Structures are given as structure tokens and as C-alpha cells.
Amino acid sequence: MFLAIIQSSNVLISIISMPLLIQSIGVDQFGLVNLSLAVIILLNILVGFGYNLSAPREVAINQGDKTALSHLVSNVFSAKILLATIATLIILISVFGLNLFKEYQMILVFSSLMLFSEATLPLWFFQGMEKMKLISIANIFSKLLFLMGIVLFIHNPGQSRWVNFMMGFFGLSINIFLLFYIHTFMGVRVYRPEFSAIRKSLKDNILLFFSNLASHISINGGLIILSFFSVAETLGMYSLAERVVMVLRMFPALIIQAIYPNAAKLYKSDEAGFYKFLRSVYFRVLAFGAFLAGATYLTAPWTIQVLSRSELIESVTYLQLLALVPFLACLNIANVIMMLVADLKNLLFKASWMMCLYMIVAATILTSMMGV
């Protein structure tokens, strides 16, 4: 329930912020802000490095052992901060050394604070401890501060560089408060990082990292590929439609998070019961996914009108074309659950990268030929 609250608050703030940003900075700068965000989210896969999947299990196992828990927390946060530093250096070298990302260099540099916000996010810790209430409230508070920042400080296109910076700043500030709470009230001490343990955890998580990376590129890489073939205004109109679809696409991810614990227990204790449970959930989710796709297609003109406060005919067309995406994402729920409960990391890795390579080749060729 609290995971759903976190995701729902993210969705709601995302929807509310879109018309505010488009009015303040314009469609073209909105597209560049979203493009920078896409790059940062891609690098956040490096920062996360599979810990968001592996660390909650380790925390749960060591709930009653404060010493082991303290070493685990110290090592995971140290590893993620190190990875965030490496990701930031990649951005700085790309911008100032190789002169890449020319249209949105400073927006991207200012967005790099979001990498450290991701590194210090203790969601995995609270998941493992089964204490999600505090982090749910903190996440909502962080998003509300971001929304307030947009209203108070973002008034013209020249201020677009501060949009993602504020998201990172408020997220990092709240995360530091949560870390203080973990140390002071939950008795988790801070130890010097054990580099041998960090190296081992990085090695153990390598397949999860590459699977996450491939999946992310497949899902979100289209916007980056499109940036090489379109102007900023077109990018902004496509980005608006894609943002709506990505919000709806969270539905199957929420279902996976919700049923995974029960599915894992059933798979070990009652395999026949597991498949019966999965079939029951799967067909209901597919039915709702089909309804979601149809509703998105039919309400596309109204949705774009509400979010942009103007009639962007191109955005309506893009949203109608993308309306089927949430349903297609629902098709994969059974596959993902079966691979997770059976610990088929190699199969997940191979399937993810096959899809990723196909997407890059197909999207690049078709976008160069047919545009957006």
C-alpha cells in the first residue's frame, strides 16, 4: 500500500507540474528538461546497480542484527555514492571535455544533483525493514517542495536549468533527514566502507544492473534517439505525450511489486497454486490494461488540453499512437514474475538485451526515415 502511495504521489506531482512548466518555460525548453531527465534516469541505473532489488532481501534477513545491518547499510550507501560520483564525472567530461549534449548542456550539469539524491534514497532499507510509512510521507513532502519551487522560482525559459536541480536538491535534503532518522532512532551505526564487501556486492549485482539498464534503454531511449532527428519544439510535444504514457505504464510495475512477495512464497511451497494465482491476476490485469489503452486513446484530446492548456494537435496524435503501450507492458507481467521467483537472472539478462538491441536499431532506422 505504501509503495502504491509513493508511486501515486510521483504520478500526481508529475501531472500537476507539466502545465506549470510548459507555461513557465515553453514547450521547447520543457522538451530539453525532459531530455536531461531521461539522461539522468539512465545514469541512475548505474547508481542503483541492482541494489534496489538485492538490498531489501539482505536487510530483511538481518533485521534483528544491528551490527550486520549497520555494515550492510554503510557499504551500500558508500557504493551508491561512489557510483553517483562516477556518473557525475561522466556528465562533466561529456559536456566540458567532449562538448556533447549541445542544446541542453547546462540543464544536464545542474540535473546531476539528482544522481546523489538517488544514491542517498533509503527506500530499499525501509522495504527490507517493512517500515514504509515514514518514507512514503517523506517522498510526498519532497515532491510538494519541488512543486512549490516551480511556482515560486521558475518563471521564464532561462530558468529551465533549475527545474531538475530543485528536484534533486529537495530529494537529497529529505534523504539526509531520513539517514539521520535511521542512525538516531533505529540504532544503525555508520562504519567505514569495507571495499572487499562492496566489490563482492557489485560483482553479485552485475547481471541485475545490466538487465535494468537494457530494460530502461528499451523503454525510455526513444526520446534520446528522437533528439538527434527533431527540433526542440517537436521534442517537447512528443515528450508531453510520452510522459502521460509513462505515468500509465507504472500500473504493471505496481502490480509486479504488489504480487511478487506472495508469488515467491507460493512458488516455493505450492507450485500449482502459484500458477493458478498468476493466471488469475494476469487475465484481470490484461483486461484492465486493454480498458486503460482504449480510454487513453479516446480521451487524448482532452488530456493534452488539460496538461498543456492549449490545443497541441501533434501531441494528441502522438498520445493516440502511444496509447497501446500500457497494455503491451501488461503482457510482460507473467514473464517477469516467473523469472524473478525462479531466480532466472541469466534469462532475464539475455531477454532484456535482445529487446534493447532490437529497439536501438529499429528506432534509429525508422526515426531517421519517418521522423517523430
- request: Anything over 27 Å Cα to Cα? Flag those among Lys80/Lys350; Lys276/Lys345; Lys133/Lys203; Lys203/Lys350; Lys131/Lys276, in the order listed.
  value: Lys133/Lys203; Lys131/Lys276
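Per-residue ellipticity at 222 nm for the chain, helices alone: DSSP H runs ≥ 4 residues times -39500 (n - 2.57), over residue total, nearest 500 deg cm²/dmol? Please report the intermediate quantities before stating the final value.
Numbers: 18 runs with 309 residues, N = 372.
Result for the chain, helices only: -28000 deg cm²/dmol.
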field: Options (i) -0.32, -0.68, -1.01; (ii) -0.48, -0.82, -0.98; (iii) -0.36, -0.75, -1.09 - which one matches log10 I(q)/I(0) by the Debye sum over Cα atoms at q = 0.07, 0.10, 0.12 Å⁻¹ as calculated here
entry: (i)
field: Pairwise label distance in nanometres, Leu344 with Lys133, each label 7 Å out on the Cα-Cβ vector
entry: 4.0 nm
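Using Cα-Cα distances under 8 Å and only pairs 6 or more residues apart, what relative contact order does segment 184-330 have, in percent?
29 percent
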- line: Under the Karplus relation with 6.51, -1.76 and 1.60 and θ = phi - 60°, whole-Hz ³J(HN,Hα) for segment 227-237, x at Gly and Pro, equal 4, 7, 10, 9, 7, 4, 5, 5, 4, x, 5
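Under a Cβ-only charge scheme (Lys and Arg +1, Asp and Glu -1), can you give me the dipole magnitude of segment 256-331 about the Cα centre, in debye to the nearest 20?
So the magnitude is around 340 debye.
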task: Would you kindly find the accessible area of Val27, with a 1.4 Å probe and non-protein molecules such as ligands, DNA and RNA excluded, rounding to the nearest 10 Å²?
output: 30 Å²
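Taking the Cβ of Gly48 as the centre, find all other residues whose Cβ is under 11 Å away and add up their charges (Lys, Arg: +1; Asp, Glu: -1).
Working: positive: Lys80; negative: Glu118.
In short, 0.
Give the shape of segment 261-316 as rounded, prolate or oblate, defined through the alpha-carbon gyration tensor: a ≥ b ≥ c are the square roots of its eigenvalues, a/c under 1.5 means rounded, and otherwise the shape is prolate if a/b is larger than b/c and oblate if not. Intermediate results must be reported in sequence, preceding the final value.
On the way: a/c = 6.73, a/b = 3.68, b/c = 1.83.
Cα axes put segment 261-316 in the prolate bin.
Let me spell out the model: positive unit charges on the Cβ of Lys and Arg, negative unit charges on the Cβ of Asp and Glu, origin at the Cα centre of the chain. What dipole size does that give, in debye rounded to 20? Could the numbers behind the result be given before it?
On the way: 23 positive and 15 negative charges, 173 e Å.
In debye, rounded to 20, the chain gives about 820.
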query: Between Ile365 and Leu98, 0.36 nm times their residue separation minus their Cα-Cα distance comes to what?
result: 93.6 nm
- prompt: Between exposed GluC sites (Glu not before Pro) in the chain, where DSSP calls loop and at most 15 other Cβ atoms lie within 10 Å, what's the longest gap?
  reply: 1-129
message: Among Tyr181, Ile198, Gly64, whose Cα projects farthest towards the positive end of the dipole of the chain, with charges put on the beta-carbon of Lys, Arg (+1) and Asp, Glu (-1)?
response: Gly64
message: Show me the three semi-axes of the equivalent ellipsoid for segment 11-130, from the C-alpha gyration tensor (sqrt of 5 times each eigenvalue), largest first, rounded to whole Å.
response: 33, 19, 9
query: In percent, how large is the relative contact order of the chain, given Cα pairs closer than 8 Å and 6 or more residues apart?
result: 25 percent
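Provide the gained length on full extension for the span Ala253 to Phe177, in nm with one decimal, where the gain is 0.36 nm per separating residue minus the Cα-Cα distance. List each step's numbers first, then the result.
On the way: separation 76, 0.36 × 76 = 27.36 nm, distance 2.78 nm.
Fully extending the segment from Ala253 to Phe177 adds 24.6 nm.
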- request: Putting +1 on Lys and Arg Cβ atoms and -1 on Asp and Glu Cβ atoms, find which of Ala362, Leu82, Ala241 reaches farthest to the positive end of the dipole of the chain.
  value: Leu82
query: Top mean-square fluctuation among Gln257, Gln320, Gln105, Gaussian network model of the chain, C-alpha springs under 10 Å?
result: Gln257
query: For the residue pair Leu89 and Tyr275, what label-to-label distance in nm results when each label sits 7 Å from Cα along the Cα-to-beta-carbon direction?
result: 5.1 nm
- line: With label points set 7 Å from each Cα along the Cα-to-Cβ direction at Arg284 and Tyr297, the distance between them in nm comes to 2.6 nm
- request: Could you please put Val231, Val59, Val109, Val372 in sequence from largest to smallest accessible area, using a 1.4 Å probe?
  value: Val231, Val372, Val109, Val59
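If contacts are Cα pairs under 8 angstrom and at least 6 residues apart, what is the relative contact order of segment 128-196 in percent? Walk me through the numbers before you get to the answer.
Details: 22 pairs, mean separation 21.6, N = 69.
Rounded, it is 31 percent for segment 128-196.
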- request: Provide the per-residue ³J(HN,Hα) series for segment 358-372, in order, calculated from phi with Karplus coefficients 6.51, -1.76, 1.60 and θ = phi - 60°, each as a whole number of Hz, with x at glycine and proline positions.
  value: 4, 4, 4, 5, 5, 5, 5, 5, 5, 5, 5, 7, 10, x, 4
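The values are calculated or read from the model by the stated rules, or taken from the named source; none is laboratory data. Just so it is clear, the model here is predicted, and its values are computed rather than measured. As a convention, Cβ positions derive from the backbone with ideal geometry for all residues, glycine included, and neighbour counts pool all protein chains shown. Surface accessibility is based on the protein's heavy atoms, side chains included, excluding ligands, DNA and RNA. Shrake-Rupley method; radii C 1.70, N 1.55, O 1.52, S 1.80 Å.
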